[in-house]
Amino acid sequence: RGGRGGGRGFQSDMSDFERKYLGDPTFVDPAIDRIPKAVVNTLLPLADHGPEFVNFLDTMHDHPTKFASVERLNLHPESRREPLPIIVPGTRTVEPTPEFLDHYGQYAGYLFVSNVPHPTMDGKLGEYDDVLARQSLVESIADIMGVDALDVFPTTMTSGYVRYRSFDDAQTAVTSSQPKRLTDIALDMSPAVTDGDNDGDDGDGDDEAENGAASVSASAFRDADPASLVKITNITPGTTKHTIAKVFLPEGSTLSAKFDKLVITADSVDFVNPTTALVRLPSAAVAQSLLESQDMQHHLKSDLKHKWHVKVFPAKRSKIRDGYAGPNRSRPMYKQSDSQMVVAGEVPTSQFFLGHSGVIHLRN
């Protein structure tokens, strides 16, 4: 009781640090006597805390019993392996800038939008270096996701990141944008050259006729009979000749049998622009028969009708190592990367990754 000038004097001489963490040793809380010793003496694990010594003291101060345990797992190097993002080449050519990611602060939400229709410029697929083509993509994504164009960062000509003020806003946008992300697309077939192309009326034919003649003359079938060519429009940009040949008249199908088992090969298809292709047929009579066939029109508009699906994935900034925490600095700490993003599905969980000797990434 004497101590440094008695109980009251001892307490007045204590620093704020001592008063907070040590308190008055002469004071005993009567409530402690009412707690069963079996509870007070229970050994419980110490709660997680920050890296500094004062964080350790705060956690000990709030510990509910007299005894605490701290555990450190000495992992084998094989168990300390960490999975890395599996990014398919070509899916993310350009990463967003730090200014774009920092605009809404640390609580911003991000979505990765892919499979957007490739913009076309002057009858050709737009390039990323073309500012107008890139802006066209940005405006398409902004319209689909219901945001301002400034909140979109294009990564390729068919994908980009969209930022939101919060994760909840991003989650809401996934649901609200669904009607615009699903679009019905059906192919259309017409004569490659209309009557106005060959009537010799000194250019009085309409623009469609002139465009048809120009398309044929610029194609690989310029020497073929124009009447033996049909034009397929409304093709999804990026579709190949082999795909058109395969679905136009499927080999062995009932529809093919109606036209004497006619088979279309990739050599019979030529794209005049990313959304339009010419199909060369054996004769003008076969072309006319296909154009007049109700079964063929139904095949193009119904059987080949599909939904163009713009895909959306949650995204977040990747984490990088930033020192260690814990009483013995054994727990690694992380911080957000300035610009590197991780899209859902690109990184397996640690438990899955460590539980298998090898991991492969399946896509589409």
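The residue 39 and residue 357 beta-carbon pair, evaluated with R₀ = 41 Å, returns a calculated FRET efficiency of approximately 0.35. Listed values for the stretch 129-142 are Karplus-derived 3J(HN,Hα) couplings in whole Hz (6.51 cos²θ - 1.76 cosθ + 1.60, θ = phi - 60°), namely 6, 7, 4, 5, 5, 5, 5, 4, 5, 4, 5, 5, 5, 4, and x replaces Gly and Pro. Applying 1/(1 + (r/R0)^6) with r as the Cβ-Cβ distance of residue 347 and residue 80 and R0 = 22 angstrom yields a FRET efficiency of 0.85.
With a Förster radius of 35 Å applied to the beta-carbon distance between residue 171 and residue 283, the computed FRET efficiency rounds to 0.05. Remark: for residue pairs 258/311; 246/311; 124/301; 231/258, the C-alpha separation exceeds 30 Å in 258/311. Straight Cα distances below 30 angstrom link residue 37 to the lysines 20, 66, with same-chain residues fewer than 8 positions distant left out.
Put simply, when 76-84, 46-54 are sorted by average Cβ atoms within 10 angstrom per residue, most first, you get 46-54, 76-84. Computed from backbone phi, the HN-Hα couplings of the stretch 53-58 come to 5, 5, 5, 5, 5, 4 Hz, rounded to whole numbers (Karplus: 6.51 cos²θ - 1.76 cosθ + 1.60, θ = phi - 60°; Gly and Pro given as x).
Spin-label model, residue 340/residue 303: points 7 Å from Cα along the beta carbon direction are separated by 5.0 nm.
Every number here is computed from the coordinates shown, using simple stated rules; none is lab data. What you see is a predicted model; the values in this text were computed from it and never measured. So basically every Cβ, Gly included, is an ideal-geometry build from the backbone, and we count neighbours across all protein chains shown.
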